[in-house]
Amino acid sequence: MLSKDQKTKILENLKEKVAKQKAIVFVDFTGLKVKDISRLRKELKKNQNEMQVAKKTLLNLALKDKNLEIAKDKLTGEVALVFGFNDEISPAKTVYQFSKTNPALKILGGFLENKFKEIEEIVALAQLPGREELLARLVGSVASPMTGFVRVLQGNIKGLIQILSQIKK
């Protein structure tokens, strides 16, 4: 059992993290081995995300402090919160990729822009391409018409050169 002081410290820590977060993903880690949890934490840390396990009552108190509401039936099993401090998508992406190789980890939902999102929405968010890939696609789509235009102009110049060389002969 946790003492009242320990619970207060945990609650304050949770409130602080809820205040700083850009996204929260709830996961059920029932049946996940300690080494797998450690591996997940390391993966999350790479993108400035953090996982914290908390009792559901303390979790609800911390969320209520920021006017975030979640139905009790949404949080089943042993619940952990994955906080995204750097961006909104990376916690969902990391947890989703990890759950593919570790089926014991289940996504329960999450908060994005202070609104609760269902499991399907979190998974859809996680399946979006990364920032770098989207930027590469954008550059490709912007450069494509210019490349075609340059080829057309080169074709006209080549045709003109061929005609002039034929006239010369």
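Please determine, in degrees from 0 to 90 and to the nearest 10, the orientation of helix 90-101 with respect to the longest principal axis defined by the Cα atoms of the chain, where the helix direction is its Cα long axis. Tilt relative to the chain: about 80 degrees. About the centre of its Cα atoms, region 38-169 shows a dipole size close to 640 debye [charges on the beta carbon of Lys, Arg (+1) and Asp, Glu (-1) only; nearest 20 debye]. With protein chains left intact and a 1.4 Å probe, residues in region 1-144 average 60 Å² of accessible area per residue. Overall dimensions of region 65-157, expressed as equivalent-ellipsoid semi-axes from the Cα gyration tensor (√(5λ), whole Å, largest first), are 43, 15, 10.
Over region 1-146, what per residue volume does the convex hull of the Cα atoms give, in whole Å³?
Roughly 126 Å³ of hull volume per residue.
Annotation note: trypsin sites (Lys or Arg not before Pro) in region 1-73 located in DSSP loop regions with a Cβ neighbour count of at most 15 within 10 Å are Lys33, Lys55, Lys66. Rounding to the nearest 20 debye, state how big the charge dipole of region 1-112 is about its Cα centre with +1 on each Lys and Arg Cβ and -1 on each Asp and Glu Cβ. Here the size comes out at about 240 debye. Within the listed set Asp65, Asp28, Asp73, the residue fluctuating most in the Gaussian network model of the chain (springs between alpha-carbon atoms under 10 angstrom) is Asp73.
For the chain, which longest stretch is free of loop sites, where a loop site is one of the GluC sites (Glu not before Pro) that DSSP puts outside H, G, I, E and B and that has at most 13 other Cβ atoms within 10 Å? Can you show the working numbers first?
Working: sites that count: Glu69, Glu78, Glu113, Glu118.
Counting at most 13 other Cβ atoms within 10 Å as exposed, the longest clean stretch of the chain is 1-68.
Here Lys46 is the anchor, and the lysines within straight C-alpha reach of less than 19 Å, apart from those fewer than 8 places off in the same chain, are Lys17, Lys20, Lys22, Lys35, Lys93, Lys100. Heavy-atom surface analysis with a 1.4 Å probe gives the chain a carbon and sulfur content of 57 percent of its accessible area.
Relative contact order of region 1-92, please, whole-number percent, based on alpha carbon pairs below 8 angstrom and at least 6 residues apart. Don't skip to the answer; put the middle values down first.
Details: 112 pairs, mean separation 43.9, N = 92.
RCO, region 1-92: 48 percent.
Solvent-free Debye calculation, one equal scatterer per alpha-carbon of region 1-86: log10 I(q)/I(0) at 0.18, 0.22, 0.25 Å⁻¹ equals -0.83, -1.19, -1.38. Computed from Cα atoms alone, the Kirkwood hydrodynamic radius reported for region 66-113 is 12.1 Å. Residues considered: Thr76, Thr57, Thr147. Largest GNM mean-square fluctuation over the chain, using C-alpha springs under 10 Å, is found at Thr147.
Highest GNM mean-square fluctuation, the chain, Cα pairs closer than 10 Å: which of Gly31, Gly159, Gly148? Of Gly31, Gly159, Gly148, the Gaussian network model singles out Gly159 as fluctuating most. Computed from Cα positions, the angle between helix 34-46 and the longest principal axis of the chain comes to roughly 50 degrees.
The values are calculated or read from the model by the stated rules, or taken from the named source; none is laboratory data. Nothing here was measured: the structure is a model prediction, and the numbers come from that model. Every residue, glycine as well, gets a Cβ built from its backbone with ideal geometry; the counts of neighbours run over all protein chains shown. The area values use the complete protein model at the heavy-atom level, side chains included, leaving out ligands, DNA and RNA. Shrake-Rupley method; radii C 1.70, N 1.55, O 1.52, S 1.80 Å.
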